[in-house]
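The structure under discussion appears below in the form of C-alpha cells.
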C-alpha cells in the first residue's frame, strides 16, 4: 500500500511540475511585445496594434518606441490616442529613394515614440495596446519588421529587435512583424459596382418614367381642345338654325 501511495505522489508531483513548466512557457511567449495587423493586403492600409505587457515585478513601463521600415517605407502613419500617453511620429530621410505608386519617395515616417505620464505607466501584471494606421503596404509576401524598445522606470531598456528565422527556435526578444498578403480584389469590385449601377439611374434613363405624366397631360389638353371645338361647332349650328327660323318667320307676318 505504501509503494502504491508513493507512486501516486510521484505521478502527481510530475504532473504538477509539467503543468508549471507549460504555464511558464506560455507566460513567456505571451509576454512578448507583438503586433497584429487587421488587414495585411498589399497595396492597402492597415491598423497595427502593438500589445505591450509589463515584464518587471518592480518597475513600470514608461516609454515605447517603434522603428518603422525604411526599405519599404509607409507614406502615411496615424496614431490612435492613448489616455495618459504622448505620441510623437518622426520623419527622416530614407537611405535611398524608393518608388511607391509611381512616385519617388525620399522621406518617410521613421519612428513612433509613446511616453506615459506618471499616472498611466504600465505596472506589473498589466499591459497596454498601442495602435497605428499605416500604408501603403508593400508587395505580397513581404515581412514587415518593426523593432521595438520598451523602457522601464528603473532605467532598464528591453529591445525587441531579434529576427525570427523560420525553422529555428524563436529568439528571446523577437521583433514584432507581420507578412503582407495578396491584394484584395473585393474593394476593386466594389468600386466598379457603382459604375454599372449609375447609368441605370442616370439622367438619360431616369426621365422615361417622368415622360408618362407629360404625355398624359398632353393627351388631356388635346381632349379638352377637341371637346371645346365640338361645343363651339354645336353652338354655331344652333345659332344658324335660330337665324334661319327667324328669317322664315318675318315674311309670313308681313303678309
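Tell me yes or no: at least one residue of region 179-192 is buried (at least 17 other Cβ atoms within 10 Å of the Cβ) and either in a strand (DSSP E or B) or free of Cβ contacts under 8 Å to residues at least 12 places away in the same chain (or both).
Restricting attention to region 179-192, the residues satisfying the condition of being buried (at least 17 other Cβ atoms within 10 Å of the Cβ) are 180.
If we keep only those that are either in a strand (DSSP E or B) or free of Cβ contacts under 8 Å to residues at least 12 places away in the same chain (or both) too, we end up with none.
No, there is no match, as no residue in region 179-192 is buried (at least 17 other Cβ atoms within 10 Å of the Cβ) and either in a strand (DSSP E or B) or free of Cβ contacts under 8 Å to residues at least 12 places away in the same chain (or both).
Of the residues 64, 48, only one is in a strand (DSSP E or B), surrounded by 16 or more Cβ atoms within 10 Å (Cβ to Cβ) and over 17 Å from the mean Cα position of the chain (by Cα); which? Even if it seems obvious, please write down each step before you answer.
Values: 48 fails: over 17 Å from the mean Cα position of the chain (by Cα).
64 is the lone residue from the list that is in a strand (DSSP E or B), surrounded by 16 or more Cβ atoms within 10 Å (Cβ to Cβ) and over 17 Å from the mean Cα position of the chain (by Cα).
Among the residues of region 140-166, which ones are part of a loop (DSSP other than H, G, I, E, B) and either surrounded by 15 or more Cβ atoms within 10 Å (Cβ to Cβ) or at pLDDT 95 or above (or both)? So that I can check it myself, show each step before the final result.
So in region 140-166, the residues part of a loop (DSSP other than H, G, I, E, B) come out as 140-142, 146-147, 153-156, 161, 163-166.
Passing the criteria: 140, 141, 142, 146, 147, 153, 154, 155, 156, 161.
Residues of region 80-104 being at pLDDT 95 or above and closer than 19 Å to residue 46 by Cβ, which ones?
Listed by number, the residues that qualify are 80, 81, 82, 87, 89.
Pairs needed: first member in region 30-46, in contact (Cβ under 8 Å) with a residue 24 or more places away in the chain and on the phi > 0 side of the Ramachandran plot; second member anywhere, surrounded by fewer than 17 Cβ atoms within 10 Å (Cβ to Cβ) and in a loop (DSSP other than H, G, I, E, B); C-beta distance under 9 Å; at least 6 residues apart or different chains.
Taking only residues 6 or more apart or on different chains, the pairs are 43/101; 43/136; 43/139; 43/140; 43/183; 43/184.
The values are calculated or read from the model by the stated rules, or taken from the named source; none is laboratory data. Worth saying up front: this structure is predicted, and the values here are computed from it rather than measured. Counting neighbours? That spans all protein chains shown, and the Cβs are built from the backbone with ideal geometry, glycine included.
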